[in-house]
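To start, the structure under review is shown below, and the notes come after it.
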Amino acid sequence: MNEPSLAALHARLDRLEREVGWWRRLSVAALAGVGLLGAVAATVTTNPDEVKTRRLVITDGEGRSRATLTVDASDRTRLSLTDREGVGTAELAVTPGQSAALSVGRADAQAQLAATREGGQLTVSVRGQQGWLTATPSGSSLGLGPEPARPQVSVGSSPTGGASLQLSDRDGRAVWKAP
């Protein structure tokens, strides 16, 4: 072959190689775009306003769990919240057919509101001292002391309108009682 036709052939070969490289990059970009669209389409449900799961954990910017929503094996639903240090907590738990309870705590202080099929109870405690208010169809009571089994002060009422008051020592033995 002569020199001019070899140079033209070489120029044409360079141009074809550049075009093939350009088409190759375009094909890779197109495949990546189709793959990305496929991944997004796979995660979108027919109802984007709904997420179905048995456990949802929300974390803060540092990866600490701050809120957890679960439905456990016994069908109890629980929402738990914690502060940054894990000291302040709040929990809402619902057990089907049995009870619902709201608990709030911070360090040594706790408060709980519980409702069952037959009654409700509000309990507050700080450093070993407790107070609780209980209501049931058989009556209601207010107790103060170190624990519900040994109240130091107990005020009660019955459905018939009867009232009672009892003062006890630390061991739960009655010191004064009316009526």
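Assorted remarks:
- Condition met for Glu50 (outside any strand (DSSP E or B) and acidic (Asp, Glu)): yes
- The number of residues in region 119-155 being modelled with pLDDT under 85 and either hydrophobic (A, V, I, L, M, F, W, C) or closer than 28 Å to Arg76 by Cα (or both) comes to 3.
- Scanning region 159-171 for residues that are of a type in the set (Gly, Ala, Ser) and either surrounded by 14 or more Cβ atoms within 10 Å (Cβ to Cβ) or closer than 17 Å to Gln121 by Cβ (or both) yields Ser164, Ser168.
- When residues in region 54-73 are screened for being assigned to a loop (DSSP other than H, G, I, E, B), under 26 Å from Pro96 (Cα atoms) and either touching a residue at least 24 places away in the same chain (Cβ under 8 Å) or within 13 Å of the chain's Cα centre (by Cα) (or both), 2 of them pass.
- Residues in region 76-101 that are surrounded by fewer than 16 Cβ atoms within 10 Å (Cβ to Cβ), out of contact with any Ser or Thr (no Cβ under 8 Å at 6 or more places or on another chain) and in a strand (DSSP E or B): Ala100 alone.
- Which listed residue is assigned by TED's automatic domain parsing to the domain that holds Asp83, within 31 Å of the chain's Cα centre (by Cα) and assigned to a strand (DSSP E or B), from Gln130, Gln112: Gln112
- Index of the failed condition, Val28 passing every other in (1) surrounded by 10 or more Cβ atoms within 10 Å (Cβ to Cβ); (2) under 30 Å from Pro151 (Cα atoms): (2)
- Which numbered condition Gly145 fails, given (1) on the phi < 0 side of the Ramachandran plot; (2) surrounded by 16 or more Cβ atoms within 10 Å (Cβ to Cβ): (1)
- Sub-6 Å Cβ pairs linking a first residue in region 163-179 that is free of Cβ contacts under 8 Å to residues at least 40 places away in the same chain and of a type in the set (Asp, Glu) to a second residue that is loosely packed, with under 13 Cβ neighbours inside 10 Å and assigned to a strand (DSSP E or B), at least 6 apart or interchain, are Asp169/Val175, ordered by first then second residue.
- Scanning region 149-173 for residues that are closer than 18 Å to Glu118 by Cα and outside any strand (DSSP E or B) returns Ser158, Pro159, Thr160.
The values are calculated or read from the model by the stated rules, or taken from the named source; none is laboratory data. These figures come from a predicted structure and were not determined experimentally. All Cβ positions, glycine included, derive from the backbone under ideal geometry; neighbour counts span all protein chains shown.
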